[in-house]
Amino acid sequence: VVVTPYDGTDVGTPLSSDSIIISNSPPQAPEITVEEIDQECSSIAFDGTDDFVELGPLGLDTQWTFEGWVRWDTRQTSTLFWNECFAIGSHYTWRDFYLLHDYECDGDNDFYVDTSIDSRDLGDADWHHLAVTFNGQFEVFVDGTSVGTAVPGYDSHRSGPYSGGLGAQDGHWYADAMVNSMRISNTVRYTAAFTPDLNLLADADTEVLWIF
């Protein structure tokens, strides 16, 4: 804005001055900072002694996916999930998964089991996305990366019925774990490396979805 000596209305003795420029500078942009917040995921905790969440029969077919965000100490023999159709645990070797599938989904005889896929990626006391798929063979993904596949071996001894749920096989093999969310699907969701979703959602293939 330029103001001249004779701008305005004369109301008395004329005055004069040099021209001046009045300017308005925009304010400085604010500084934006994001502070890192150290916090745990909300979760359900299992003490490894007597905690578990019971789940009734699922009645799954011959393919499924179990997945969840977990903090699970696989360095001890324990069960993360146990049902009449399948089971996911840590083998007594303290370095392999215990994976079981029952083709009849009755939790009794004639099931298929594998103990050859390495579980040590979960033994660091940190949060991980764990996914186990089955369609005739097991495949385990930790944080979206496959850590192994295995064709299960036949086992005909009685090991059921599978009474249990999340955190234990009823009466023993209790897990020392924290679980933020769990989803069981009636299809194989993952066949290659993927980026895990932080928020698991239900869709047409979802049998069970628990968010804690």
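The values are calculated or read from the model by the stated rules, or taken from the named source; none is laboratory data. These figures come from a predicted structure and were not determined experimentally. Neighbour counts run over all protein chains shown; Cβ positions are idealised from the backbone, glycine included. Ligands, DNA and RNA are excluded from the accessible area calculation, which covers all protein heavy atoms including side chains. Shrake-Rupley method; radii C 1.70, N 1.55, O 1.52, S 1.80 Å.
Quick one: which residues, 5+ away or cross-chain, put their amide H under 5 Å from the amide H of Val208? H built at 1.01 Å from N.
Residues meeting the criterion, in which the H sits 1.01 Å from N, are Ile184.
With a sphere of radius 12 Å drawn around the Cβ of Ser78, what net charge do the other residues whose Cβ falls strictly inside it have (Lys, Arg +1; Asp, Glu -1)?
-3
What does the highest-first list of 130-138, 78-86 look like by mean Cβ count within 10 Å?
Highest-to-lowest ranking by the protection proxy: 78-86, 130-138.
In what sequence, largest accessible area first, do His129, His91, His172 appear using a 1.4 Å probe?
Greatest to least solvent exposure: His172, His91, His129.
Please give the net charge around Thr206, taking every other residue with its beta carbon less than 12 angstrom from that of Thr206, where Lys and Arg add +1 and Asp and Glu add -1.
Around Thr206, the surrounding residues sum to -2.
So, taking all protein chains as they sit and a 1.4 Å probe, how much accessible area belongs to Val151, in Å² rounded to tens?
110
Could you tell me the largest-minus-smallest coordinate of the C-alpha atoms of the range 61-122 on each of the three principal axes, in descending order and whole angstroms?
The principal-axis extents, from largest down, are 31, 23, 15 Å.
For Arg95, tell me the accessible area in Å² from a 1.4 Å probe, rounded to the nearest 10.
Counting only protein heavy atoms, the figure is 100 Å².
In what sequence, highest mean first, do 194-205, 139-150, 59-70 appear when ranked by Cβ atoms within 10 angstrom?
The packing order, highest mean first, is 59-70, 139-150, 194-205.
Can you compute 3J(HN,Hα) from phi for each residue in the range 89-97, using the Karplus curve 6.51 cos²θ - 1.76 cosθ + 1.60 with θ = phi - 60°, rounded to whole Hz and x for Gly and Pro?
Once θ is set to phi - 60°, the couplings for the range 89-97 become x, 10, 6, 5, 6, 6, 9, 10, 6 Hz.
Assuming 0.36 nm per residue, please report the length gained on full extension of the stretch Thr49 to Asn199 beyond their Cα-Cα distance.
Taking Thr49 through Asn199 to full extension adds about 51.1 nm, to one decimal.
Taking H as built 1.01 Å from N, whose amide H comes closer than 5 Å to the amide H of Thr149, not counting residues under 5 places away?
Amide H neighbours of Thr149: none.
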